[in-house]
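Here is the structure we will look at.
Computed from the coordinates by the stated procedures, all read-outs in this text should not be read as laboratory data. Model, not experiment: these values are computed from the prediction. Because the Cβ atoms are built from the backbone with ideal geometry, glycine has one as well, and the counts that use them run over all protein chains shown.
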Amino acid sequence: MPNYRRNFVPGGAYFFTLNLRNRRSRLLTDRLPDLRDAFNRVKRARPFRLDALVILPDHLHAVWTLPEGDADYPGRWRAIKTLFAKAAGGAGIWQRGYWEHTLCSPEDYAAHIDYVHINPLKHGWVNAVVEWPWSTFHRYLAAGLYPRDWAGGVEGGVARAGERP
């Protein structure tokens with residue numbers, strides 16, 4: 001196993017992927033109120049800006065911006081994962097660790113926001129991004145940042161931000 005070193009940038013913006021251990025599980029969407037509660041409790045105790053989020057049955061993607069001077073995203077994720085696991089059935093439901101990428105430019109940030117929002121389409125859960133209910137896409141749509149038909153089908157191509165080719 002490689003010796004992965006995390007990058008810590010106080011006040012930085014980050015892209016994350018977290019997976020359940022059982023990749024066939026639907027626990028995240030089945031227990032959405034518990035996941036929402038875990039996020040809200042951690043955000044109250046240790047604030048951060050949730051810039052983008054998509055919750056799929058077995059994994060989630062998020063973009064966060066931390067407060068100035070604060071780089072402790074691992075502590076926040078540990079708390080979210082622990083609170084959700086306790087509410088949803090106990091330890092061992094999450095895959096160890098998670099994928100993290102420090103967002104380095106406005107273009108990188110925008111590409112990862114798009115990646116978060118297109119993910120349900122990419123995985124075949126919907127035929128149009130707007131159809132997936134558990135996504136901040138709807139917040140961006142209401143703010144006029146995306147058109148309703150953005151990435152409406154697979155013909156439009158899929159951004160590969162956040163993935164290795």
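Here are a few things to note about the model shown:
- Residue 23-residue 49 FRET efficiency (beta carbon distance; Förster radius 35 Å; 0.05 resolution): 0.75
- Pair residue 149, residue 37: separation of 7 Å Cα→Cβ label points (nm): 4.2
- Partners for residue 43 among lysines (Cα-Cα distance below 21 Å; same-chain residues under 8 apart left out): 81, 86
- Selected from 128, 112, 80, residue furthest toward positive end of dipole (the range 13-153; charges at beta carbon): 80
- For the pair residue 126 and residue 8, a Förster radius of 30 Å applied to the C-beta separation gives a FRET efficiency near 0.30, rounded to the nearest 0.05.
- MRE, 222 nm, helices only [DSSP H, n ≥ 4, -39500 (n - 2.57), over the chain, to nearest 500]: -10500 deg cm²/dmol
- Where labels lie 7 Å past Cα in the beta-carbon direction, separation of residue 78 and residue 65 in nm: 2.7
- Magnitude of the charge dipole for the chain, about its Cα centre and with charges confined to Cβ atoms of Lys, Arg (+1) and Asp, Glu (-1), is about 800 debye.
- Here the extension length gained between residue 87 and residue 101 equals 2.2 nm, from 0.36 nm per residue of separation less the Cα-Cα distance.
- For the range 54-84 versus the range 116-136, the gap between their alpha-carbon centres in whole angstrom: 20
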